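What follows is a single structure, written as structure tokens, with notes after it.
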Amino acid sequence: MNKISISKESGRLDKILNEKLELSRSQIQRLISEGNITLNGKSTKANVKPKEGDLIEVSEVERPPLKAEPEDIPLDIVYEDDDVLVVNKPAGMVVHPASGHFHGTLVNALMYHTNLAENDNAFRPGIVHRIDKDTSGLLMVAKSELALQSLSDQLKKKETLRKYYALVSGRITEDEGTIDAPLDRDPKNRLKRAVIAGGKSAVTHFFVEKRYDNFTFISCKLETGRTHQIRVHLKYIGHPVVGDPLYGSKETIKMHNGQLLHAGVLGFIHPRTKEFLSFSSPLPAYFEEILNTLE
């Protein structure tokens, strides 16, 4: 715990800490928003101007490495060649290092297993798309520059196949539907996304697979791949993903502590052979068990 007593210092809190700590203003602002910096024992804001005698406390935080580092972590690899790799990510694993998750990510594990294509971000080698930490399922990964460019282009041109399975709250009466609603950062909560006029275009197609008393098992196909897209869209139509910590309803299933969303089908054109490859991943055992119980 770093303790800083204000004496002759003046100006904004983030400016004072920027001068005293080896942290950028944006890093300091993030620490404040996460509650890791307090003023006189209370949460505070970056633009507050401390007075003489005030006490700033900064919790010890993990300093980020300069780039992602290889770590020996087991992987469920579905397909691999010299250009591409398809991996089945478990729920609870972060895709790449970021604030609060510098180790134990999918990228750390992949770097230990193989060489990945370098991109503009040293923490995301080989990564062309992501799925949320608590979502399980399939990701395509680029091992060569050819693959990185090709897979990225396919995503932009909407040429990839991505199919998800979700258990949602409530009974959806329509057999299928399309949610076309623009998304952007939620102005009330920087960690969330929301449907906002003028936001980025986002389109999700959904299909009812099975109805239960108070829940519906559906599949979803993405046209776009915005952050939290499926989760926000399903909440928007009144049927949030069961167990979703950010967008879910109070109605949960006690058998599993986590969101029931799985990336079950992934398809793309191979960068070198031009063959269309398609892969599928069965629902995790806990997901199947819950569906069997609902029967």
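Annotations for the structure displayed:
- Members of region 1-25 found to be more than 17 Å from Glu52 (Cβ to Cβ) and of a type in the set (Asp, Glu), listed by number: Asp14, Glu22
- Consider region 124-133 and keep the residues that are closer than 17 Å to His101 by Cα and in a loop (DSSP other than H, G, I, E, B). The one that is farthest from the chain's Cα centre (by Cα) is Pro125.
- Checking each residue in region 141-190 for being charged (D, E, K, R), crowded, with 18+ Cβ neighbours inside 10 Å and within 24 Å of Gly243 (Cβ to Cβ) picks out Arg162, Lys163.
- Single match in Ile56, Ile28 (criterion: at pLDDT 85 or above and not in a strand (DSSP E or B)): Ile28
- Yes/no for Glu118 being free of Cβ contacts under 8 Å to residues at least 60 places away in the same chain and either within 30 Å of Arg211 (Cβ to Cβ) or crowded, with 16+ Cβ neighbours inside 10 Å (or both): no
- Some residue of region 247-264 being modelled with pLDDT of 95 or more and either exposed (fewer than 14 other Cβ atoms within 10 Å of the Cβ) or more than 15 Å from the chain's Cα centre (by Cα) (or both): yes
- Among the residues of region 61-88, those identified as at pLDDT below 95, surrounded by fewer than 16 Cβ atoms within 10 Å (Cβ to Cβ) and touching a Pro at 6+ places or on another chain (Cβ under 8 Å) are Pro64, Pro65.
- Residue in region 206-217 that is surrounded by fewer than 19 Cβ atoms within 10 Å (Cβ to Cβ), under 23 Å from Arg130 (Cβ atoms) and not charged (D, E, K, R) present: no
- Evaluating Lys274 against the criteria (1) without any contact (Cβ under 8 Å) to a residue 60 or more places away in the chain; (2) out of contact with any Lys or Arg (no Cβ under 6 Å at 6 or more places or on another chain); (3) closer than 23 Å to Thr173 by Cβ leaves one unmet condition, (3).
- Where Arg193 falls short, out of the listed (1) crowded, with 22+ Cβ neighbours inside 10 Å; (2) out of contact with any Leu (no Cβ under 6 Å at 6 or more places or on another chain); (3) of a type in the set (Lys, Arg): (2)
- Conditions (1) assigned to a loop (DSSP other than H, G, I, E, B); (2) of a type outside the set (Gly, Ala, Ser); (3) in contact (Cβ under 8 Å) with a residue 12 or more places away in the chain; (4) outside the structural domain of Asn119 (by TED's automatic domain parsing): number failed by Ile73: (4)
- Taken residue by residue, region 134-142 has no member that is more than 19 Å from the chain's Cα centre (by Cα), assigned to a loop (DSSP other than H, G, I, E, B), in contact (Cβ under 8 Å) with a residue 12 or more places away in the chain and outside the structural domain of Pro282 (by TED's automatic domain parsing).
- Selection count where residues are among the hydroxyl-bearing types (Ser, Thr, Tyr) and either in contact (Cβ under 8 Å) with a residue 60 or more places away in the chain or closer than 30 Å to His270 by Cβ (or both), scope region 34-70: 0
- Only a single criterion out of (1) within 30 Å of Val208 (Cβ to Cβ); (2) modelled with pLDDT of 95 or more is not satisfied by Val141, namely (1).
- Of the strands (runs of 3 or more DSSP E) lying entirely inside region 186-295, those carrying at least 2 residues that are outside the structural domain of Tyr79 (by TED's automatic domain parsing) and under 22 Å from Leu139 (Cα atoms) are 203-211, 215-222, 261-269, 276-280.
The values are calculated or read from the model by the stated rules, or taken from the named source; none is laboratory data. Only a predicted model underlies this, so the values are computations on that prediction, with no experimental measurement involved. As a convention, Cβ positions derive from the backbone with ideal geometry for all residues, glycine included, and neighbour counts pool all protein chains shown.
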